[in-house]
1. I'd like the mean, over residues of A:157-165, of how many other protein chain beta carbons sit within 10 Å of each residue's own Cβ.
2. Springs between alpha-carbon pairs under 10 angstrom, Gaussian network model over chain B: which of B:101, B:54, B:198 fluctuates most?
3. Apply the a/c threshold of 1.5 to the C-alpha gyration tensor of segment B:20-150 and tell me whether it is rounded, prolate or oblate.
4. Just how large is the dipole of segment A:149-195 about the Cα centre, in debye to the nearest 20, putting +1 at every Lys and Arg Cβ and -1 at every Asp and Glu Cβ?
5. Where the only charges are on Cβ atoms (+1 Lys, Arg; -1 Asp, Glu), what is the dipole of segment B:15-272 about its Cα centre, to the nearest 20 debye?
6. Between A:227, A:201, A:190, whose Cα lies farthest towards the positive end of the dipole of segment A:182-231 when Lys and Arg beta carbons carry +1 and Asp and Glu beta carbons carry -1, centred on the Cα centre?
7. Report relative contact order for chain A in percent, whole number only (criteria: Cα-Cα under 8 Å, sequence separation at least 6).
8. Give the shape of the protein assembly as shown as rounded, prolate or oblate, defined through the alpha-carbon gyration tensor: a ≥ b ≥ c are the square roots of its eigenvalues, a/c under 1.5 means rounded, and otherwise the shape is prolate if a/b is larger than b/c and oblate if not.
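The values are calculated or read from the model by the stated rules, or taken from the named source; none is laboratory data. In this text the structure is predicted, and so the values were computed from the model without any measurement. Cβ placement follows ideal geometry from the backbone for every residue including glycine, while neighbour counts extend to all protein chains displayed. All accessible areas refer to the heavy atoms of the entire protein, side chains included, with ligands and DNA or RNA removed. Shrake-Rupley method; radii C 1.70, N 1.55, O 1.52, S 1.80 Å.
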Amino acid sequence: MNPSRLPGDRPAIMVDGVSVRYANGVTAIDDASFRLFPASICALVGVNGSGKSTLFKTLMGFLAPAKGAVSIAGQKVADALKQGLVAYVPQSEDVDWNFPVLVEDVVMMGRYGHMGLLRLASKADRAAVDAALERVGMSALRHRQIGELSGGQKKRVFLARALAQGGQIILLDEPFTGVDARTETAIIDLLRAMRDEGRLILVSTHNLGSIPDFCDHVILFNRTVIAAGPIETTFTEANLIRAFGGVLRHVRIDGSDLHDDADARRVTVLTDDERPLVLYGERDREKLVAPDRPKA
Amino acid sequence: MNAVLGFITQPLAHDFMQRGLVVALLVGMICAMLSCYLVLKGWSLMGDAVSHAVLPGIVLAFVAGLPLALGAFAAGLGCALATGYLQAHSRVREDAVMGIVFSGLFALGLVLFVKVETDQHLNHILFGNMLGVQLRDVAETALIALPAIAFLLVRRRDLMLYCFDPAHARAIGLQVGFLHYGLLVLLALTIVASLKAVGIILVIAMLIAPGAIGLIVTRRFGPMMVVAVLAATGSSLIGTLLSFHLDAATGPMIVVVQSLLFALLVVIRQVRLALAPH
């Protein structure tokens, strides 16, 4: 039994005045609030140590908020997890790639929540695994040990696991680390298709330049929500500088360096040492410049 | 043919050899199953820690007139829990915390052992006394090992998932705390069950080598566990028989056979890799 599509008019994730404190007294998240709706892709952006992973852990019930409330699909986190609504795609460096599991074993792990005590796979479980592998184009490699895959293939295996699970809310941690540009495009296409089927996808990333390519929404985070909203209005130079303080590399080219005439437009490059964000236009009217990407 | 048969049957004509072999097989089996999880979870040192830490528990249980197994279990589990607590509440890394906790408890155990007059031999606690086990000891080992084996069989997939990806395990609603502490309790129980046969030092090898052997010869968890159990029970059988014929200590002989098997498999693998066409 797969959890069905979430109602589009109600928040898939609601975070309301949430503060999270660690046992050593450090406040990792302070009074954060936001709502995310189904059928969207949202980027979660912030410096290292800004509490992004803490937020993920809170959404998955690892950590209980000291104040405030988190609800997922209108339910308590624990109840949403029991229904398999939340799927998690780990960061590559958090996975032991020598672990003795094959591609199909990893995807089958997405079905454990649907199985009985002994975790014996039913026909439906096998069908879900087959369909998920087919969907991400990994059927041919299903008998490979997971360490024998490229960076992009590894990512696709874990996305297939999320699909097999039937997760409607997918949390992705740094999906593009160690992935080449062509594979990145393939993964983005897959994420878009998953969004169009009504899923909410929350992506934590440092890759600022990719965000306008595939995200509809952005949350700029630094221990609390600095800004949240649609990419066009929220993913701006001013907000990024507020969220990152001075840690972004910031290059601006304008005036005679860029134009021979009095053209007031300028180029701004913002980067967290991954793919840079490039803005072009007049002051406060700059537009995102999406560099050409190879087509998959 | 007769020589081979004699190699096996001659030792087994003795009661103490039969009892020893049953215990060796039981201990080999449960240690092998658990070792798969320890090796994959990166908990090899945890087996080391818990086994050393049982010593003060044994002495204190003797003083209090309680079953020694109970004291050993409590001390072993206490070590694992204390390590987790100290690591969460200090800036010292887990391996360092573990090193302090278990060597501290082991030292305390030695101090107590020398101070308190017990009917136990330190040598037997450290290295086991497989051929000295009584029927009562066989029953006690089986009473602990069989339920532990059953639990591991029933929950093997959940435990494997927990070792591989605890975040996913939590995200699909598995009881991650239950699995985590379940593994620690099983570890403490297994060490207690192995006490009489191989002792608290040699059990460390039995908790690492079979899993490592399984890992180098297979690519999948199920086969890994089967290979680990076969390697461990095979070593237990051969080691026990050899120790009879060579008049050598049984527990150490089993560990030697197991370690040689591991080394042999590593060499074979390297040779095959070198010979494989590229």
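1. Details: counts 0, 2, 0, 0, 3, 2, 0, 0, 3.
Mean shielding count: 1.
2. Looking only at B:101, B:54, B:198, the largest GNM fluctuation is found for B:101.
3. On the way: a/c = 2.15, a/b = 1.20, b/c = 1.80.
Judged from the Cα gyration tensor, segment B:20-150 comes out oblate (a/c at least 1.5, b/c at or above a/b).
4. Working: 7 positive and 5 negative charges, 35 e Å.
The calculation lands at about 160 debye.
5. Numbers: 15 positive and 11 negative charges, 170 e Å.
I would put it at about 820 debye.
6. The residue sitting farthest along the positive end of the dipole is A:227.
7. Numbers: 575 pairs, mean separation 63.3, N = 296.
Averaging sequence separation for qualifying contacts and normalising by length gives 21 percent for chain A.
8. Judged from the Cα gyration tensor, the protein assembly as shown comes out prolate (a/c at least 1.5, a/b above b/c).
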